[in-house]
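Read-outs: derived from the displayed coordinates by stated rules, not from any lab. In this text, all values refer to a predicted model and were calculated from it rather than measured experimentally. Cβ sites come from the backbone with ideal geometry, for glycine too, and all protein chains shown count toward neighbours.
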There are 2 protein chains.
Amino acid sequence: MALRENTEIKRKSNLAVKSTYRNFPMVPRVVFGTGCFEQLGEILLPHRKNADAPMIYLVDDVFEGKDLPNRLPVIFSDQVIFIPADEEPKTGQVDALVEQIRSNHQEIPSGIIGIGGGTLLDLAKAVALLLTNKGSSSQYQGWDLVRKPAIYHVGIPTISGTGSEVSRTTVLNGPKQKLGINSDYTIFDQVLLDPNLSIGVPKDQWFFTGMDCFIHCVESLNGTFLNAFSQSYGEKAMDLCKEVFLGDLEAWESREKLMMASWHGGMSIAYSQVGIAHAMSYGLSYLLGIRHGLGNCLVFNQLDDYYPEGVQLFRKMLAKQKIQLPSGVCSNLTEDDFNTMIGVAMSMEPLWENALGPDWRRDITADILLEMYRKI
Amino acid sequence: MALRENTEIKRKSNLAVKSTYRNFPMVPRVVFGTGCFEQLGEILLPHRKNADAPMIYLVDDVFEGKDLPNRLPVIFSDQVIFIPADEEPKTGQVDALVEQIRSNHQEIPSGIIGIGGGTLLDLAKAVALLLTNKGSSSQYQGWDLVRKPAIYHVGIPTISGTGSEVSRTTVLNGPKQKLGINSDYTIFDQVLLDPNLSIGVPKDQWFFTGMDCFIHCVESLNGTFLNAFSQSYGEKAMDLCKEVFLGDLEAWESREKLMMASWHGGMSIAYSQVGIAHAMSYGLSYLLGIRHGLGNCLVFNQLDDYYPEGVQLFRKMLAKQKIQLPSGVCSNLTEDDFNTMIGVAMSMEPLWENALGPDWRRDITADILLEMYRKI
C-alpha cells in the first residue's frame, strides 16, 4: 500500500520553488541552562593553543565594575576589552579592534568571546573574521566575500532577540552602507545561553530587542522565500514571543523563553529573509544611529498595509508592556537626509524581494518610503 | 528602570536544576528543500580526499532497482552497498560492514553516506565511527566511550520520525543489549533533507515511524529532565505531528512538515530523554526484532497511567489514519522471554529517571512491566 505515490506536487503560490538550496551552517556547539556561564572556562580550555595565544573577551561596558567580569576565566595573556554598545557596530571600530589585538599580543589569539547584545556579538564575529582575512572589514560587507575561516569565536548573549547568536551575518555600519558580512565563516563555533545573564536589562531595551525577534518572524513568515524549514522555526519563535509579551510568565520563565525565541527566530532566517521593517530600519540606523531594535519598532508601527496582523499584535504588546514609542524622530530631517535613508533602504534588494516578490520595484517607490519615514 | 533585578529564581518542581549542562553538538550543515538530493555531488566534492578514498553509500535495499541509485554521485572508487532494513541494526552487522569496506578499498573512505530510515542512518553513523575507532562496535555501546572522531558522514533520511538525523546516538542490538553509541562524534557532519525522498513509503511504516517522533515528544515534554531549550523543540515537533496526523494537509506539505517534526523532535532530546515507551520498546526489539517505531506504538498504547493525554491523542491519530495495531504479539512468550524483555527495559536507567524521577524504582517493578508486556 503506497502512500501518496504519484501525487502531483503542488506548491502554494507564495512558496518560491528553487533549483538550489543553501547548505546552511548551524552553530556546531551550544550549551543552554541557568548558570551555565560557569562552564565557560572548561569549554574554552581545549581551544587554547598556548599561553601566548590569548582568549579575548569583548564585553558590553554595561558590565564594567559589575560581577560578570570577575567570573570570566581570564588566564595567561587573556584580555578583557569593554566596549560601549550605545551605537551600532562600525567597520572602522572592527578594524581598530583587530589592530589593537594584533599590537597587544605576539600571537594570533586562541579565540574571541563576545558577551553582550547584538552589537557585541556582531563585533566578536567580525573581529574573528578579520584576524584571518586581510584588509578592512568594509571589503567583506556583502554576500560570501570572506575567503578564510575565522579564528574560534564564541557568542554569549546577555539580551535576547537579535538572533545574532545563530546567524551567518554580522551587520556593520560601513563608510558607504549598513550591510552584513554574510558568510558561512561568520557563524559562531560555540554559543552559550545562560538565561540569568539577561537579569537587569532595562525594560525598554528588553522590549525593543525582543521585538527584533518578533518582527523577524512576521517578515519571515509573510515572505516569499519561506519554506517548511524556516516556517517551523519562525512559528515557534512567534509562539514564544506571544507567551513572553502577551502572557503572564514568571520572570525566570520569561527569560528562558525569550532566549529560545531569539534562537529559533534567528534560525528561521536560514531559508528566508527579513523584510520591509528591517530594510527601512537600516536607513534610520545609518543616518541617525538609531539602534536596530528601536528602529525596527518605529518602522514596523507604520506598516499596517504590509503586515496588518503583525502590526496589530505589536500594538497589543506595546500596550500590555506599557512601552511608549518615541515620536517625531524624523521631524527635523532635510530632504537630503530622507534621500540618504531611502537610498540605504532601497539598496536592500533581497529584503524587498522576500517581502513583495521579484517585481517589488513596481510597488515600492521613493515617495512611498518618504511618506512613511516622515511619520516616524 | 531595571527589569526583574533581584527577582527570586523559582523553578517548577518538575524542572531539574543542574550544576552542569551538556555542551550539545548540533549538525554543522543542513540543506533542506524539495529536490535538494540533486545537490549531493556538489556537497560531497570538497570532502573527497583522492580517487582511492571512496564515498561509501549505504542505501536501504528498498531502493535497489529504483531510480534513486542512478541519481547518486558515484565516481572514482565509490561504492554503493544496499542493506535490508527489515531488522534493527546490529553490532555484528556494523563490524562486518567495516571489515568489508576495509578489505574492498586500499584507503580509508572519504565519507559514509547513509540513505534510508533510522536503521540506515544509525548504521552509517556506527560504520563511520568504527572506521577510526578500533575493535567491535559493541565496545562503544553506552555513553561517551568513543575516543576518536568518526570519518566524514552524511545522513539522508527517506522516512521521517526517528530523529536519528540530528541525534548523538546510534542505537544497536548488541550481544548483550540494545543500546546506543552515545557520543559527540556520532552526530552527522552533514544532513540532507529532501521531502520528496519519502514519496512511496508504505502507509503503516509512515505512521509507525512518525509515531516515534510523536512518542519522543510526549516522553520528553513530560520528563523530569526537561528545560526550555528541549521544551521549545518538543512543542514544535508535537504541533507539527498534530498537523500531519490529525489535520488535512496536502501530500507535499505533510511530507515537509513531518520531516521538520522529526528534526525538531530529535533536537528536543538534547536536554531531555525519552521515557517509558522507549525503555519497554527496547525490550520488544531485543527479544522479537520488532522494529522500533511499531514497538513504541505497541507499548505506548498500554501507558494510559503514565501519559494519559498523549495516549488519548495517539488513539485519535490511529483512528484518523485508519491504522490497526497488531495484537497478541506477546501471547506465546515464555517466562524467560518476559524476563529478558523486562531486564532490557529496566536497564535503561536514564529513561526511567527522566520519566519518573530519581526514585523510579519505588514505582516500577518487574511485575508491573510483566503485566503491561502480557497485554501487547
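Taking each residue of B:33-41 in turn, how many C-beta atoms of other protein chains fall within 10 Å of its C-beta, and what is the average?
4
Using 25 Å as the Cα-Cα cut-off, could you pick out the over-long pairs in A:K178/A:K375; A:K203/B:K242; B:K148/B:K236; A:K148/B:K134; A:K90/B:K236; B:K66/B:K178? Display every interim value, and only then the final one.
On the way: A:K178/A:K375 22 Å; A:K203/B:K242 36 Å; B:K148/B:K236 34 Å; A:K148/B:K134 34 Å; A:K90/B:K236 37 Å; B:K66/B:K178 32 Å.
Pairs exceeding 25 Å: A:K203/B:K242; B:K148/B:K236; A:K148/B:K134; A:K90/B:K236; B:K66/B:K178.
Could you give the C-alpha radius of gyration of the protein assembly as shown expressed as a fraction of 2.2 N^0.38 Å, taking N as the number of residues it contains? Walk me through the numbers before you get to the answer.
Numbers: Rg = 26.3 Å, N = 752, 2.2 N^0.38 = 27.3 Å.
Output field value: 0.97.
Give the nm distances, rounded to one decimal, from A:A319 to the matching residue in every other copy, measuring between label points 7 Å along Cα toward the beta carbon; shortest first.
4.0
Placing unit charges on C-beta atoms (Lys and Arg positive, Asp and Glu negative, everything else neutral), compute the dipole magnitude of chain B about its Cα centre in debye, rounded to 20. Let's see the in-between values first.
Details: 34 positive and 44 negative charges, 134 e Å.
Charge dipole, chain B, about its Cα centre: 640 debye, nearest 20.
Karplus couplings for the range B:195-200 from phi (6.51 cos²θ - 1.76 cosθ + 1.60, θ = phi - 60°), rounded to Hz, Gly and Pro as x?
Calculated HN-Hα couplings, in order: x, 5, 5, 8, 5, x Hz.
Along Cα→Cβ at 7 Å, what distances in nm separate the A:E371 label point from those on the other copies, shortest first?
Nearest to farthest, the other copies are at 7.2 nm.
Can you compute the radius of gyration and Dmax for the range B:31-130, using only the Cα atoms, both in Å?
13.2, 37
How large is the helix-only mean residue ellipticity at 222 nm for the protein assembly as shown, computed as the sum of -39500 (n - 2.57) over DSSP H runs with n ≥ 4, divided by its residue count, in deg cm²/dmol to the nearest 500? Walk me through the numbers on the way to the answer.
On the way: 26 runs with 312 residues, N = 752.
Helices in the protein assembly as shown give a 222 nm mean residue ellipticity of -13000 deg cm²/dmol.
I need the Debye-formula profile for the range B:187-247: one equal scatterer per C-alpha, no solvent, reported as log10 I(q)/I(0) at q = 0.17, 0.23 1/Å, two decimals.
-0.73, -1.07
Taking the label point as lying 7 angstrom from Cα along the Cα-to-Cβ axis, what are the distances from A:E87 to the corresponding position in the remaining copies, in ascending order and in nanometres?
7.0
For the range B:149-221, what is Rg from Cα atoms divided by 2.2 N^0.38 Å, rounded to two decimals? Don't jump to the answer; show the numbers that get you there.
Details: Rg = 13.7 Å, N = 73, 2.2 N^0.38 = 11.2 Å.
So the range B:149-221 has a normalised radius of gyration of 1.22.
Which of A:R71, B:R22 comes first, and how do the rest follow, when ranked by fewest Cβ neighbours within 10 Å? Before the final figure, lay out each step's value.
On the way: A:R71 12, B:R22 16.
Result, fewest neighbours first: A:R71, B:R22.
In debye, nearest 20, what is the charge dipole magnitude of the range B:196-333 about its Cα centre with +1 on Lys and Arg Cβ and -1 on Asp and Glu Cβ, if you could check? Please report the intermediate quantities before stating the final value.
On the way: 10 positive and 13 negative charges, 57 e Å.
Here the range B:196-333 has a charge dipole of around 280 debye.
Write down the percent of antiparallel bridges among all DSSP beta bridges whose residues are both part of the protein assembly as shown, to the nearest 5. Display every interim value, and only then the final one.
Details: 12 of 58 bridges.
Roughly 20 percent of the DSSP beta bridges within the protein assembly as shown come out antiparallel.
Along the positive direction of the dipole of chain A (beta-carbon charges: Lys, Arg +1; Asp, Glu -1; about the Cα centre), which of A:I112, A:P202, A:L287 reaches farthest?
Among A:I112, A:P202, A:L287, the one farthest towards the positive end of the dipole of chain A is A:I112.
So if I place +1 on the C-beta of Lys and Arg and -1 on the C-beta of Asp and Glu, and nothing else carries charge, what would the dipole magnitude of the range A:111-237 be about its Cα centre? I want it in debye, nearest 20.
Dipole about the Cα centre, nearest 20: 420 debye.
As I understand it, the value is the acute angle between the Cα axis of helix B:335-346 and the longest principal axis of the Cα atoms of chain B; what does it come to in degrees, rounded to 10?
The two axes meet at around 90 degrees.
Using alpha carbons only, what's the Rg to Rh ratio of the range A:67-203 with Rh from Kirkwood?
Working: Rg = 14.2 Å, Rh = 15.1 Å.
Result for the range A:67-203 is an Rg/Rh of 0.94.
Below 8 Å between Cα atoms, with a sequence gap of 6+, how large is the relative contact order for chain A in percent? Present the calculation step by step, with values, prior to reporting the outcome.
Values: 698 pairs, mean separation 57.8, N = 376.
Relative contact order for chain A comes out at 15 percent.
Specify the angular offset, from 0 to 90 degrees and rounded to the nearest 10, of the alpha carbon long axis of helix B:228-246 from the longest principal axis of the alpha carbons in chain B.
So the helix axis and the longest Cα principal axis differ by about 80 degrees.
Using DSSP loop states and a limit of at most 15 other Cβ atoms within 10 Å to flag GluC sites (Glu not before Pro), what is the longest stretch of chain B containing no flagged site? Mind showing how you got there, number by number?
Values: sites that count: B:E5, B:E8, B:E64, B:E87, B:E107, B:E250.
The longest such stretch corresponds to B:108-249.
With N set to the number of residues, divide the alpha-carbon radius of gyration of chain A by 2.2 N^0.38 Å and report two decimals. Present the calculation step by step, with values, prior to reporting the outcome.
Details: Rg = 20.7 Å, N = 376, 2.2 N^0.38 = 20.9 Å.
The value comes to 0.99.
Relative to the longest principal axis of the C-alpha atoms of chain A, give the angle of the C-alpha long axis of helix A:308-320, reported between 0 and 90° and rounded to the nearest 10°.
60 degrees
Taking H placed 1.01 Å from N in the peptide plane, check which residues at least 5 places from A:R29 or on another chain put their amide H under 5 Å from its amide H.
When sequence neighbours closer than 5 places are left aside, the close amide H contacts are A:V191, B:M26.
Per residue, what volume in Å³ does the convex hull of the Cα atoms of the range A:137-268 enclose? Numbers along the way, then the final one.
Values: hull volume 16.2 nm³, N = 132.
So the per-residue hull volume is 123 Å³.
What does the structure give for A:193-205 when I average, per residue, the other chain Cβ atoms found within 10 Å of the residue Cβ? Can you show the working numbers first?
Values: counts 3, 1, 4, 1, 0, 2, 7, 6, 4, 3, 4, 2, 2.
Mean shielding count: 3.
Within the range A:246-336, which trypsin sites (Lys or Arg not before Pro) sit in a loop by DSSP and count at most 14 neighbouring Cβ atoms inside 10 Å?
Working: sites: A:R255, A:K257, A:R291, A:R315, A:K316, A:K320, A:K322; in loops: A:R291, A:K322.
Passing both the DSSP loop test and the Cβ count: A:K322.
Residue farthest toward the positive end of the dipole of the protein assembly as shown, with Cβ of Lys/Arg at +1 and Asp/Glu at -1: which of A:L249, A:I376, B:C213?
Going by the charge dipole, the pick is B:C213.
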